[in-house]
Amino acid sequence: MANKLGFYFNATVCTGCKACQVACKDKSDLPVGVNWRRVAEYTGGEWVTNPDGTCEQNVFAYYTSIACNHCTNPICVEVCPTQAMHQREDGIVMVEESKCIGCRYCEWACPYGAPQFNEEVGVMTKCNFCHDYLDEGKSPACVAACPSRALFFGEIDELRAEHGEIAEIAPLPPADITEPNLVIQPHHNAKSIGSTSGKLINPEEV
Amino acid sequence: MQANEWSLIIFTTVMQMAVGSFVILGGVHFFATRRYGDQAADALSDRALLAIGPVVILAMLVTFLHLGNPLNAPQAISNLGSSWLSREVALAVVFTIGGAIFALMQWRKISTLTVRSTVGLVVAAIGLLLVWAMAQVYLLPTVPAWNSPATIVTFFITTLLLGSLAVGSAFVITYQYLRSKGTLPNTDTQFDILSTTLRWIVLISLVLLGIQFVVIPLYLANLAEQGSEAALASISLILDEGGALFALRLILLFVGAGIFSIFMYRTATSENRTHITGYLAFSAFAFVLISEILGRFLFYESMMRIGL
């Protein structure tokens, strides 16, 4: 299947304002605790003592805005016992709520935390790429809301041709598990996956 | 992220116990039939077989508590092509129905012994496949604490260990009950079956206990070696936060499957000490059951996913 949709995230210009997260929440009217798009804050650093006895810090921080990556190899679709989790021709991974049993197995499996359980309706929900907006020729709510123009969407082949193929930086998981349709322009302080030099400091938000 | 799911703890432990009981009971019945004939073999094992039924039904019902939308439950077998969870559910349903058919045939003595044995063998095989599928469900590449051969080995140890000790307890209770009622046919033969069964169950338990005590340190060492943030967090959840429960689990397992079993091996052959054998069999079963539930609790507690 060619022409799959994906997101491009430019970490060099993201200010961590979370407008994308809020726009997403507003557009899909998500309840407390359910956030289809989230912004991970990854920071680290320490004090370094110079030979002359002075101290300097090398603190760093950067943001990663992440939603569902509508992966080429979506583990949620693979493990779902009901086929409620399915992938459309254009690559969008969606939940068919009338089939979902709310077992939350996809939530265990997805390394991006994309499928999220909605307690009110008892089924899984997730980013649907604002497919209704796409049909109207509009951008997804998160992309439209970004004031820094850090977030774009498009056909993944074009995004990769233009911006490269990087899809894994800390604190994201290795890309080979699900082959996410995601392109990242890394921040100049970006650490490689599995790095222990920094840590996710807003785990309750992601 | 933690998956503190009591319904899953009960379902997996109890279903594995049911499969194990079915398999062990089948083995006991096979050897008892060869030595004493099928009528003598049926006396103790038929009642034990019927006891598995309610246990399986309880396990199946508990799973509904895990679902956010139980009304859609029949959809759970719609993805047999790629989802181990779907396969697990399907095999659990087939095992339940197959077990019920076999129990009915055995209870009412429907058809010949050969046909019944064949049905029993098929149901036992489905049960073991079910345990295999249960383990596969947890082999997620995104959860290091679960994605280990130890998950498969431990599930089968739970199956056979709880199955053996449950059958042992059921046999002693049935033997004492039938003897006190005076309806036990040929007491000497039945006692022979009882003591031989118990002694084999002790040997099986000791072997499984040995394997478990090798697998646990290997599993933890392997997890530590992986060194990922999720793997280390899982170890901490088992050894630090869950440390007291983990220690209790190991002690209960050792005392139940080890010490009580060894005493039972000694008392099993003495007919006037059946009541002591009964206490030992039941204590061993209870200790190991609690240990296995604690172990399964820690298994779910240790769930840490890589990534976000």
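Any read-out appearing in this document is the output of simple, stated calculations on the displayed coordinates, not a laboratory observation. Keep in mind it's a predicted model, so treat the numbers as computed, not measured. Cβ atoms come from the backbone with ideal geometry, glycine included; neighbour counts cover every protein chain shown.
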(request) Report the local net charge at B:Q106: Lys and Arg +1, Asp and Glu -1, summed over other residues whose C-beta lies under 15 Å from its C-beta. (result) +1
(message) Compute and list, largest first, the equivalent-ellipsoid semi-axes of segment B:258-308 from the alpha carbon gyration tensor, each √(5λ) rounded to a whole angstrom.
(response) 38, 9, 5
(message) Would you work out the Kirkwood radius for segment B:6-301? I mean one over the mean of 1/r across all pairs of different Cα atoms, in Å.
(response) 20.0 Å
(request) Just tell me which lysines come within less than 26 Å, Cα to Cα, of B:K181; anything on the same chain fewer than 8 places away is out. (result) B:K109
(request) Order the peptides B:151-161, A:33-43 from the highest to the lowest mean number of other Cβ atoms within 10 Å of their residues. (result) B:151-161, A:33-43
(request) Work through the residues other than B:L184 whose Cβ is under 15 Å from its Cβ and net out their charges, Lys, Arg +1 and Asp, Glu -1. (result) -2
(message) Report the Rg/Rh value for the protein assembly as shown, based on alpha-carbon coordinates and the Kirkwood definition of Rh.
(response) 1.09
(message) Placing one identical point scatterer on every Cα of segment A:1-111 and ignoring solvent, what is log10 I(q)/I(0) from the Debye formula at q = 0.12 Å⁻¹?
(response) -0.59
(message) As an exercise, find the ratio Rg/Rh for segment B:113-232 from alpha-carbon atoms, using the Kirkwood inverse-distance average for Rh.
(response) 1.14
(request) For a quick protection proxy, order the peptides B:168-178, B:237-247 by their average other-Cβ count within 10 Å, most packed first. (result) B:168-178, B:237-247
(message) Quick check: the angle from helix B:274-301's long axis to the longest principal axis of chain B, C-alpha only, nearest 10 degrees?
(response) 20 degrees
(request) Determine the calculated [θ] at 222 nm for chain B from helices alone, applying -39500 (n - 2.57) to every DSSP H run no shorter than 4 residues and normalising by the residue count; nearest 500 deg cm²/dmol. (result) -26500 deg cm²/dmol
(request) Taking chain B as the reference, fit the longest principal axis to its C-alpha atoms, fit the long axis of helix B:187-226 to the helix C-alpha atoms, and give the angle between the two in degrees, 0 to 90, nearest 10. (result) 10 degrees
(message) Let me spell out the model: positive unit charges on the Cβ of Lys and Arg, negative unit charges on the Cβ of Asp and Glu, origin at the Cα centre of the protein assembly as shown. What dipole size does that give, in debye rounded to 20?
(response) 2260 debye
(request) Report Rg/Rh for segment A:5-200, rounded to two decimals, where Rg is the Cα radius of gyration and Rh the Kirkwood radius. (result) 1.02
(message) Give me the net charge for the shell around A:E165: Cβ to Cβ below 12 angstrom, other residues only, Lys and Arg +1, Asp and Glu -1.
(response) -3
(message) So if I average 1/r over every pair of distinct C-alpha atoms in segment A:121-206 and take the inverse, what Kirkwood radius in Å does that give?
(response) 15.3 Å
(request) Quote the convex hull volume per residue of segment B:10-137, based on C-alpha atoms, as a whole number of Å³. (result) 105 Å³
(message) Inside 10 Å of the C-beta atoms of B:136-147, what's the mean count of C-beta atoms belonging to other chains?
(response) 3
